[in-house]
1. May I ask you to list the residues in segment 253-298 that are modelled with pLDDT under 95 and over 19 Å from residue 405 (Cβ atoms)?
2. Can you run down the residue pairs with Cβ atoms below 8 Å, 6 or more apart or on separate chains, where the first is in segment 301-317 and outside any helix (DSSP H, G or I) and the partner is within 13 Å of the ligand (Cβ to nearest atom)?
3. Output yes when any residue across segment 353-367 is more than 16 Å from the ligand (Cβ to nearest atom) and over 22 Å from residue 96 (Cα atoms), and no when none is.
4. Within segment 413-426, can you find the residues that are more than 12 Å from the ligand (Cβ to nearest atom) and more than 14 Å from residue 182 (Cα to Cα)?
5. Identify, from the list 54, 10, 35, 40, the residue that is modelled with pLDDT of 95 or more, part of a helix (DSSP H, G or I) and within 20 Å of the chain's Cα centre (by Cα).
6. Looking only at segment 101-115, how many residues end up being under 17 Å from the mean Cα position of the chain (by Cα) and closer than 14 Å to residue 51 by Cα?
7. Considering segment 269-300 alone, what residues qualify as being assigned to a loop (DSSP other than H, G, I, E, B), closer than 26 Å to residue 256 by Cα and out of contact with any strand residue (DSSP E or B) (no Cβ under 9 Å at 6 or more places or on another chain)?
8. What's the number of the only condition in (1) assigned to a loop (DSSP other than H, G, I, E, B); (2) touching a residue at least 12 places away in the same chain (Cβ under 8 Å) that residue 483 fails to meet?
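The values are calculated or read from the model by the stated rules, or taken from the named source; none is laboratory data. Everything quoted here is computed from the prediction, not taken from an experiment. Cβ coordinates were reconstructed from backbone atoms using ideal geometry, including for glycine residues, and neighbour counts include every protein chain displayed.
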Ligand SMILES: NC(=O)C[C@H](N)C(=O)O
């Protein structure tokens, strides 16, 4: 296997700009790696080898001609299949979109293309981003590279697994309740959910529009910052896009790498990380707190009493919005169209037949929950109450950020569980996101950083910051990464078992 696949995106970018490797070589190396291991991992739903190589060749030619290029130009990337890509199939993990080829690019894809990053392909995910294990994909399971019998997290398990398996140095994920951070935690990778409005949602297939946010999945904190800076910033085509310039996330990651956190106040959230979290996950978290303290950080305990209602509020707000967003998949406009087996072919009956066949069980469950929560007579009791809880969660964050610069917790309550283990128990599946959901409800940013192993499997350390202060995630995240890697003698992923390469 070529060592070009083992480099961080930043290191690969340096090699490319120094002329020590070409983008075509780097892209080929990753396509070869995909060919060798993706049979076992199944991170990709679609590999766009020709397009990726064409972009790479174009970047190489422009570099040779002396053109000034983006720092990540020529570094390949994978994109979660919920993000629309012109000319490349986009399914959101659903049969209902099988065969649909979008006629336009999401804004973040436009930015990736303009910067010259070859797109390797589209990654697997739970159908419409509904799940925490990627087992709800209509196109088969993705396997965790650390242990192929285990889940890679979800909904963005494909992006996390691709990065962890060295199939791509960079990937795009989306996070509605934890879908970037939880897969990062259980695969030993880095994942950021930016501030709501920090990255354009134009061209994301919406699940819950007030919660969805796209962000980077990478192997290093600096790489996440570089990708965040590339995709972030105002977009007039997204009405919720923030007009503010993005904070200097790359500068913050470089600053944090010194490992000095003098004067930074870390708030340990009392309600996150207690009973119900795997003992080894808690132990690694406590150990890292000590490491951060030794680096100069001040640790305080904060209380966010309404976080205990966050999961319940999320499971009313998210399905309500999802039931409305998914109404457009009606057999008339996109992808699948199923006509009723017998009887008249009316619009309503075509819609019912298409949605009945095209949606999986989890999607149906949420559409039913959402339409119920929004129905006259129940709206105030369910959706209305959940919105009030959302305000209380936001107030908890505001109060906590008066005492601390960032809040910290374990990212996910457990390490990767076995495929099939929670598939028939929706509640057990939903509980994976107890520590990640509050950030989505409040619109604040969060990052998950590799935090050591429990039973040979990765755990994650979550850092949360106030809205528009995403730079703080990178300062603390990069410091923790540097301090832990100094202890381990290298990145956590270096201790993952080697995948067998077959062709
Ligand atoms: N989409 C997400 O962020 C994941 C969350 N587990 C959900 O199923 O809603």
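1. Answer for segment 253-298, where residues must be modelled with pLDDT under 95 and over 19 Å from residue 405 (Cβ atoms): 274, 275, 276.
2. 304/438
3. Narrowing segment 353-367 to residues more than 16 Å from the ligand (Cβ to nearest atom): 353-358.
The next check asks that each one be over 22 Å from residue 96 (Cα atoms); those that pass are none.
No, segment 353-367 contains no residue that is more than 16 Å from the ligand (Cβ to nearest atom) and over 22 Å from residue 96 (Cα atoms).
4. Narrowing segment 413-426 to residues more than 12 Å from the ligand (Cβ to nearest atom): 413-421, 423-425.
Within segment 413-426, 418, 419, 420, 421, 423, 424, 425 meet the criteria.
5. Details: 54 fails: within 20 Å of the chain's Cα centre (by Cα); 35 fails: within 20 Å of the chain's Cα centre (by Cα); 40 fails: within 20 Å of the chain's Cα centre (by Cα).
Answer to the check: 10.
6. Summing the residues that are under 17 Å from the mean Cα position of the chain (by Cα) and closer than 14 Å to residue 51 by Cα in segment 101-115 gives 2.
7. Here is the first cut: in segment 269-300, the residues assigned to a loop (DSSP other than H, G, I, E, B) are 270-278, 295-297.
Going one step further and asking which of them are closer than 26 Å to residue 256 by Cα, we end up with 270, 272-273, 295-297.
Listed by number, the residues that qualify are 295, 296.
8. Result: residue 483 passes all but (1).
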